[in-house]
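Undergrad: Sharing a structure, written as structure tokens. Questions coming.
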DNA sequence: TTTTGTAATTAAACACTGTTCATTTATATT
DNA sequence: AATATAAATGAACAGTGTTTAATTACAAAA
């Protein structure tokens with residue numbers, strides 16, 4: 001009959017429209033300051049319509065959050081052809097930091113805001129799958145490094161967490177504008193400098 | 001005459017009452033979900049009254065934020081009697097992490113939330129004095145370490161930032177509940193383990 | 001072509017929010 | 001007791017997320 005298919009397609013299109021509008025508003029004004037009515041205005045539908053496509057505001061937020069991980073992961077996979085695991089680890093760090101600074105609001109959404117995990121808690125999933133995949137990627141790269149003799153005397157899980165924390169710490173301080181405490185002439189480059197200092201340490205380990 | 005003084009005192013008392021009520025609600029329900037009316041209800045005053053004591057909700061938030069730094073700094077100064085600078089540095093790290101995990105909502109307020117800096121931006125101060133004092137403390141401790149020969153080949157500002165980022169990264173991932181990606185049996189201890197792994201690295205540097 | 005059934009959309013309503021402000025209340029001084 | 005002043009109030013404004021009864025659009029059946 002084909003009609004059902006077209007309807008399905010149209011429904012999917014509107015869902016996508018909502019997501020696109022929400023994303024542009026979230027990234028422009030912030031999640032908190034974007035109202036359902038703002039989104040509705042932008043797509044020229046009534047506020048109520050949005051609730052036929054998403055349970056609540058958090059569900060919109062969470063859908064975008066998932067998209068962010070796909071983006072990040074897509075950028076990560078290109079390092080697979082680097083043969084040296086330590087080089088791969090450092091490349092991961094650079095990609096992570098670069099992604100965070102290029103897409104601060106999306107990063108915020110993914111790793112800083114509390115909403116997505118509230119959503120995870122309120123639905124049924126006890127797991128944060130998107131984040132887990134990213135962490136697994138780090139852990140396996142680190143394991144390869146250790147198999148080749150790097151980081152002796154260290155333990156895989158703790159070191160994985162430590163490395164993640166370090167890059168997350170730098171970018172999240174930057175994104176949430178706590179870097180104003182470093183010397184004025186260093187503020188623009190402090191994340192880059194910090195990352196290089198970190199790599200320097202990793203090399204000597 | 002004494003009357004003005006008593007009035008002044010009473011005014012100060014109510015201000016303090018507002019702050020106490022706001023703090024307990026902020027820490028219990030979160031800043032976003034605490035309304036001025038909630039605070040007013042708790043102290044049994046009308047919502048309008050609060051605006052005689054604070055310009056807006058952010059000003060209440062900012063006042064508490066300052067209190068948090070005083071708390072943290074008070075805990076920090078006790079390390080001054082440790083003669084060895086590297087021991088002092090590590091003690092700072094432990095105190096910082098301990099404070100963050102003991103007072104997650106206050107830490108959130110101080111280092112994660114964006115509001116206080118919005119406040120700083122909107123008033124006149126271009127500086128985040130509370131944070132700056134804490135960072136200076138770290139930097140001077142680190143300098144002493146370097147003067148005694150530690151961390152050779154590293155640069156003071158970048159390394160200060162890196163160290164701060166590392167501890168901030170660990171606690172903020174923990175507070176914002178991103179630690180669920182680490183192995184299930186390690187989740188309870190991962191921040192402690194990560195910190196020890198970090199100290200281990202610092203020792204070898 | 002008209003009727004029917006269903007899915008999509010809407011406007012209105014509810015209970016909130018931060019904030020402002022004219023009015024009322026309380027109280028110290030004259 | 002009257003006055004001046006500072007403090008507290010409650011109503012109002014314009015917004016919020018969300019729910020729901022009513023309406024509209026439209027493909028399928030008669």
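Undergrad: By how many degrees, between 0 and 90 and to the nearest 10, does the Cα long axis of helix B:156-175 differ from the longest principal axis of chain B?
TA: So the inclination is approximately 60 degrees.
Undergrad: Quick one, can you get me the convex hull of the C-alpha atoms of the protein assembly as shown expressed as volume per residue in Å³? Mind showing how you got there, number by number?
TA: Details: hull volume 76.4 nm³, N = 410.
It comes to 186 Å³ per residue, whole-number rounded.
Undergrad: List the distances, in nm to one decimal, from the label point of residue A:80 to the label points of the same position in every other copy, shortest first, placing each label point 7 Å from Cα along the Cα-to-Cβ direction.
TA: Going from nearest to farthest copy, the values are 5.7 nm.
Undergrad: Determine which chain A residue has its Cβ at minimum distance from the rotation axis mapping A onto B, giving the value in whole Å.
TA: Output: A:169, 1.
Undergrad: Based only on the alpha carbon positions, what is the Kirkwood hydrodynamic radius of chain B, in angstrom?
TA: Numbers: mean 1/r = 0.0519 Å⁻¹.
Taking every pair of different Cα atoms in chain B, averaging 1/r and inverting gives 19.3 Å.
Undergrad: From the P(r) of the range B:1-54, could you give the percentage of C-alpha pairs in the tail past 12 Å?
TA: On the way: 925 of 1431 pairs.
Here the tail beyond 12 Å accounts for 65 percent of pairs.
Undergrad: Additional query: Multiplying the sequence separation of residue B:15 and residue B:148 by 0.36 nm and subtracting their Cα-Cα distance, what value in nm do you get? The partial results should precede the final answer.
TA: Numbers: separation 133, 0.36 × 133 = 47.88 nm, distance 4.78 nm.
Going from the current span to full extension adds 43.1 nm.
Undergrad: For the Cα atoms of chain A, what angle does the longest principal axis make with the long axis of helix A:129-147, in degrees from 0 to 90, nearest 10?
TA: Around 20 degrees separate the two axes.
Undergrad: Give the average, rounded to an integer, of partner chain Cβ atoms located within 10 angstrom of each Cβ in B:102-114.
TA: On the way: counts 0, 0, 0, 0, 0, 0, 1, 0, 1, 5, 7, 2, 8.
That average works out to 2.
Undergrad: Take every Cα pair under 8 Å in the range B:57-204 that's 6+ residues apart, average their separations, divide by the length, and report that relative contact order as a whole percent. Numbers along the way, then the final one.
TA: Details: 85 pairs, mean separation 39.0, N = 148.
Averaging sequence separation for qualifying contacts and normalising by length gives 26 percent for the range B:57-204.
Undergrad: Sticking with this one: Choose one answer from A:93, A:153, A:30: the residue with the largest mean-square fluctuation in a GNM of chain A with alpha-carbon springs under 10 Å.
TA: A:153
Undergrad: Remind me, relative contact order of the range B:1-54 in percent, using alpha carbon pairs under 8 angstrom and six or more residues apart? Numbers along the way, then the final one.
TA: Values: 28 pairs, mean separation 14.5, N = 54.
So the answer I get is 27 percent.
Undergrad: Order the peptides A:74-81, A:105-112 from the highest to the lowest mean number of other Cβ atoms within 10 Å of their residues. Could the numbers behind the result be given before it?
TA: Values: A:74-81: 12.2, A:105-112: 22.1.
Taking the mean over residues of other Cβ atoms within 10 Å, the ranking is A:105-112, A:74-81.
Undergrad: Name the most mobile residue of B:64, B:183, B:159, meaning the one with the largest mean-square fluctuation, in a Gaussian network model of chain B with Cα contacts below 10 Å.
TA: Highest fluctuation of the listed residues: B:183.
Undergrad: On to the next question. Going 7 Å from the Cα of residue B:137 toward and past its Cβ, which residues in the range B:162-186 have a backbone nitrogen under 20 Å from where you end up?
TA: B:162-172
Every read-out reported here was derived from the displayed coordinates using simple, explicitly stated rules and does not represent laboratory data. Note that the structure is a prediction, hence the values are computed from the model and not measured. Reconstructed Cβ throughout: ideal geometry from the backbone, glycine too, with neighbour counts over all protein chains shown.
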